[in-house]
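*Asks:* A single structure is presented below for examination.
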């Protein structure tokens, strides 16, 4: 039977979430309008960091040691600082110049290739709606011990709850709820980190004890150093996928559309970096130190829940569960929003109304909730690889537009299609973890991350078309405006 304090905690959380959702009512469902830099920063990080990163990568830190902190550093510097310093405000300027409403429209009309809108819309709608299923299932798993409902039913409840948030509040409501959820995540992670540090006698003593442990096959240079060989390459590939592929993720690009001015972008950067560093740095650091008093674990995904149960009092456990649920919900609302916008605006090519927005929400709930109950190689692959597949198609066209101001219809088409095909082929034929047949390149397939293959192929396709099929460079004033 839930205690009164537990009911008050969850009841207050839900009530405040409803209040913030309603702040988006009356605003455009797809565009939010400018928001304060603090809301921008917290929402960006909450969208970026999901429960998979906090719980799953926390378990990897126990296995690989402090070298996983390179992932946290990559997120803070490459995935956050570099984005706000070099990409966020130029993206906002292009969005205003073109009069577009979604990332798919930005890429298509920015390159004078209207047909690309449907191409990117289809990719974003499918991959992000299915990826959302993994996120909402993670939230349901964390809630199942609190709410006396069967897991599959709870998955559908969460799927509908996220859908209602996106429908009622639109983009503005989503940003406000994500900011609140980011703050809750901070509280939970700080509590767990403090508990682990107290258990090991502080950071210095904990590091000494960790350094004294003998190396193993995962941390073959010790638990304080980057591993050599394949293990070290695995960590580097994680840094690339988690910190660079995020640059062209549509759910992140859409947040740049809410910037008020360039000053807001620069003010958001340090706050977002600080929050990201505390969240990931805290989880990774404490999870690595936990090896001092938890030598082995049954599964990497079970480490963080085990630490919470071992070290935190009941109130602390509930706060941490709330933090993990917040991480899931904040990511899920962002994924829903982009997937629905792709379904009802990008693919049909017309501005949505409340009725079509609702139909898109229902479709996304059905896809996400239904996918969460499925098992199979294809669904699992989409869960794991969606960021990489999206980056393979959008990374080069996005950077060419917002960083270098290069506009090319042929280049955008060639790089988007070439990168997508090569990345998918690598996953299906060469990458051991996802290959449907015996990997054609043997062990070499595991050494080259699919992100590198996809983005590299996309860049080569852009360059090849520029050499073989040069097109006239259009003057800036000829850029297509008024996308919808």
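*Asks:* Which residue, of 216, 230, is touching a residue at least 40 places away in the same chain (Cβ under 8 Å) and in the same structural domain as residue 332 (by TED's automatic domain parsing)? Give the steps one after another, and end with the answer.
*Replies:* Working: 216 fails: touching a residue at least 40 places away in the same chain (Cβ under 8 Å).
One residue alone meets the criteria, 230.
*Asks:* Can you pull out the residues in the stretch 280-320 that are modelled with pLDDT of 95 or more and within 24 Å of the chain's Cα centre (by Cα)?
*Replies:* 280, 281, 282, 283, 284, 285, 286, 287, 288
*Asks:* Now a separate question. Name the residues in the stretch 36-59 that are crowded, with 22+ Cβ neighbours inside 10 Å and assigned to a loop (DSSP other than H, G, I, E, B), would you?
*Replies:* 49, 50
*Asks:* OK, next. Give the stretch 21-35 a look and list any residue that's at pLDDT 95 or above and part of a helix (DSSP H, G or I), or say none.
*Replies:* none
*Asks:* Suppose we keep only residues that are in contact with a helix residue (DSSP H, G or I) (Cβ under 6 Å, 6 or more places away or on another chain) and assigned to a loop (DSSP other than H, G, I, E, B) within the stretch 407-431. Which one would you say is surrounded by the most Cβ atoms within 10 Å (Cβ to Cβ)?
*Replies:* Out of the qualifying residues, it is 431.
*Asks:* Do you know which residues across the stretch 358-389 are modelled with pLDDT of 95 or more and crowded, with 21+ Cβ neighbours inside 10 Å?
*Replies:* Result: 360, 361, 364, 365.
*Asks:* Residue 326: part of a helix (DSSP H, G or I), buried (at least 24 other Cβ atoms within 10 Å of the Cβ) and outside the structural domain of residue 65 (by TED's automatic domain parsing), yes or no?
*Replies:* No: the conditions fail for residue 326.
*Asks:* With 65, 79, 163, 110 as the choices, which residue is under 15 Å from residue 249 (Cα atoms) and either buried (at least 24 other Cβ atoms within 10 Å of the Cβ) or not assigned by TED's automatic domain parsing to the domain that holds residue 349 (or both)?
*Replies:* Going through 65, 79, 163, 110 in turn, just one is under 15 Å from residue 249 (Cα atoms) and either buried (at least 24 other Cβ atoms within 10 Å of the Cβ) or not assigned by TED's automatic domain parsing to the domain that holds residue 349 (or both): 79.
*Asks:* Could you pull out the residue among 462, 404 that is surrounded by fewer than 16 Cβ atoms within 10 Å (Cβ to Cβ) and at pLDDT 95 or above?
*Replies:* 404
*Asks:* Given (1) more than 19 Å from the chain's Cα centre (by Cα); (2) farther than 30 Å from residue 58 by Cα; (3) assigned to a helix (DSSP H, G or I), where does residue 342 come up short, assuming only one miss?
*Replies:* Tallying (1) more than 19 Å from the chain's Cα centre (by Cα); (2) farther than 30 Å from residue 58 by Cα; (3) assigned to a helix (DSSP H, G or I), residue 342 fails exactly one: (1).
*Asks:* So which of 136, 147, 141 ends up being surrounded by 24 or more Cβ atoms within 10 Å (Cβ to Cβ), farther than 30 Å from residue 406 by Cα and at pLDDT below 90?
*Replies:* Going through 136, 147, 141 in turn, the sole match is 136.
*Asks:* Taking the stretch 196-236 on its own, how many of its residues are assigned to a helix (DSSP H, G or I) and modelled with pLDDT under 95?
*Replies:* Counting residues in the stretch 196-236 that are assigned to a helix (DSSP H, G or I) and modelled with pLDDT under 95 gives 8.
*Asks:* Hey, among 259, 238, 307, 279, which residue is in contact with a helix residue (DSSP H, G or I) (Cβ under 8 Å, 6 or more places away or on another chain), over 30 Å from residue 126 (Cα atoms), assigned by TED's automatic domain parsing to the domain that holds residue 330 and touching a residue at least 60 places away in the same chain (Cβ under 8 Å)? Give the steps one after another, and end with the answer.
*Replies:* Details: 259 fails: over 30 Å from residue 126 (Cα atoms); 238 fails: over 30 Å from residue 126 (Cα atoms); 279 fails: over 30 Å from residue 126 (Cα atoms).
After applying the criteria, what remains is 307.
*Asks:* Taking the stretch 141-170 on its own, how many of its residues are part of a helix (DSSP H, G or I) and more than 19 Å from residue 7 (Cβ to Cβ)?
*Replies:* Of the residues in the stretch 141-170, 17 are part of a helix (DSSP H, G or I) and more than 19 Å from residue 7 (Cβ to Cβ).
The values are calculated or read from the model by the stated rules, or taken from the named source; none is laboratory data. Remember, it's a predicted structure, so these values are computed and weren't measured experimentally. All Cβ positions, even for glycine, are placed from backbone atoms using ideal geometry, and neighbour counts span all protein chains on display.
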